[in-house]
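Below is one structure, written out as structure tokens; comments come after it.
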Amino acid sequence: MLPPLRVAVTGAAGQIGYQLLMRLAAGEMLGKHQPVILHAIETPQAIKALRGVVMELEDCAFPLLRGVLATDQVEKGFGDVNLAVLVGARPRGPGMERRDLLSANAQIFAEQGRALNRVAQRDVRVLVVGNPANTNALVAAANAPDLWEEQFTAMTRLDQNRAVSQLALKLQCAVTDIERVIIWGNHSNTQYPDLSHALVRGEWARPRIDDAWYRNEFIPRVQKRGAEVIEARGASSAASAANAAIDHLRDLWLGSGGRWQSMSVPSDGSYGVDAGLWYSVPCVCPGGHFRRVLDLPIDEFSASMMERTRKELVEERDAVRHLLPKDYDKAFTM
Ligand code: NAI
């Protein structure tokens, strides 16, 4: 049996955290031979609810679960962790502007970045789910100077899964027939779900779909799917978000088998995106890390969509500059 891995989850008693912990403990993220010790992190106000979640984890008698640490102290929670899933974030309150939300969350993620820097395993992999996920990842990484920025990724896999499903419904095929659907940019409604490189059973998908459906139905539907779920369910996406986090980290850790998976990763300047922004691009994962898929041809329509979401990420970065170390700015002027 492999030695256990320590996996931290913040927001562990929230909607997504609740689902995620169960599936992690069942071996769905790291494989059926990988024991885990879960570090469940919450705010002091949610510690009672978290106790209930821990009881349920015990009551599942998961064979791979070797322990649970439940805490409201980030340094304790991130101690020696191999993986950290940062889900907990402040929701938008009444009268709160987008800028206020960005700033409130950026402070949380700055603190978590510093804590990871101090106490996590040196090769920790961090997935940011809590919104605004891309910019929160930037802030966390910027506040963890002893870790590589590539150790931090943010989640756009839910957007990719949504896009793949919509295309499968349209073409009446299985989701497994579809490859190379890309989400570019921000996990927000400026994201660009791109089918120009998509394959269906190894053949180009684009000739099989008309422009009107692609531009007027598919793209806005994927961009606004979160709101559509809230409208129907009365609550935001939770099971599908936890599922996407499982998919993202499973592929990153165990390998994506050559398949392209969209991940928000620190930009290296490719595709005209400012270095140091966390921007979603297609990646392949050989196991343990990601490689960006580079040099794809970008047509005029795609370029304008990619530019729009890039601009939003620049604005988000500028709104949290006060939380970035001074010398980190250099990365933005490359
Ligand atoms: P929720 O409100 O049900 O749970 C959030 C939990 O985080 C709460 O239990 C809260 O006590 C906890 N929390 C807040 N601040 C914390 C901190 N500093 N440390 C530890 N725990 C903290 O929310 P839900 O539905 O679980 O969503 C969580 C986040 O995930 C939200 O920001 C949401 O917008 C985001 N999200 C991101 C998606 C993506 O694709 N990237 C998809 C769906 C949601």
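Here region 1-74 is treated as a Stokes sphere of Kirkwood radius computed over C-alpha pairs; at 37 °C and 0.692 mPa s its diffusion coefficient rounds to 272 µm²/s. Full extension of the chain segment joining Glu97 with Asp318 gains 78.0 nm, where the gain is 0.36 nm per residue of separation less the Cα-Cα distance.
Work out, in µm²/s and without decimals, the Stokes-Einstein translational diffusion coefficient of region 231-326 at 37 °C, 0.692 mPa s, Rh from Kirkwood over C-alpha pairs. My calculation gives 213 µm²/s for D. Applying both filters, DSSP loop and at most 10 other Cβ atoms within 10 Å, to the trypsin sites (Lys or Arg not before Pro) of region 23-66 gives Lys32. Computed from the C-beta positions of Thr43 and Lys170 and an R0 of 41 Å, the FRET efficiency is 0.45 to the nearest 0.05.
Here is the size of region 5-126 from its Cα atoms: Rg then Dmax, 14.6, 48 Å. Above 33 angstrom, tally the Cα pairs of the chain and express them as a % of all pairs, no decimals. Pairs farther apart than 33 Å: 23 percent. For region 107-160, the Kirkwood hydrodynamic radius from C-alpha pairs, put into Stokes-Einstein at 20 °C and a viscosity of 1.002 mPa s, yields a diffusion coefficient of 196 µm² per second.
Sorting the segments 266-273, 14-21 by their residues' average number of neighbouring beta-carbon atoms within 10 angstrom, most packed first, yields 14-21, 266-273.
By its C-alpha gyration tensor, with a ≥ b ≥ c as the square roots of the eigenvalues, how is region 157-256 shaped: rounded for a/c under 1.5, else prolate for a/b larger than b/c, else oblate? Note, shape of region 157-256 comes out oblate. In summary, the lysines within cross-link reach of Lys48, defined as a Cα separation below 21 angstrom excluding same-chain residues under 8 places away, comprise Lys76. Taking every DSSP helix (H) stretch of at least 4 residues in the chain, weighting each as -39,500 (n - 2.57) and dividing the sum by the residue count yields a mean residue ellipticity at 222 nm of -12000 deg cm²/dmol.
Extension gain, His289-Lys76: 0.36 nm per intervening residue step, less the Cα-Cα distance, totals 74.1 nm.
Return the FRET efficiency for the residue pair Glu307, Asp177: r is the Cβ-Cβ distance, R0 is 30 Å, and the value is rounded to the nearest 0.05. So the FRET efficiency works out to roughly 0.45. Would you work out if region 70-225 is rounded, prolate or oblate? Take a ≥ b ≥ c from the square roots of the eigenvalues of the alpha-carbon gyration tensor; rounded if a/c is under 1.5, else prolate when a/b is larger than b/c, oblate otherwise. It is prolate, given that a/c is not under 1.5 and a/b is the larger ratio.
For region 127-143, 3J(HN,Hα) computed residue by residue from phi via the Karplus equation (6.51, -1.76, 1.60; θ = phi - 60°) reads 10, 9, 10, x, 8, x, 4, 4, 6, 4, 5, 4, 5, 4, 5, 5, 9 Hz, glycine and proline entered as x. Under the simplified labelling scheme, the Arg208-Gln15 pair shows an inter-label distance of 3.3 nm, with each label point 7 Å from Cα along Cα→Cβ. One decimal place: the segment Ala235-Met55 gains 62.4 nm when fully extended, by the rule 0.36 nm per residue minus the C-alpha distance.
Since every read-out is calculated from the coordinates, none of them should be taken as a lab result. Owing to the predicted nature of the structure, the values given are computational and were not obtained by experimental measurement. Positions of Cβ are backbone-derived with ideal geometry, glycine not excepted, and every protein chain shown enters the neighbour counts.
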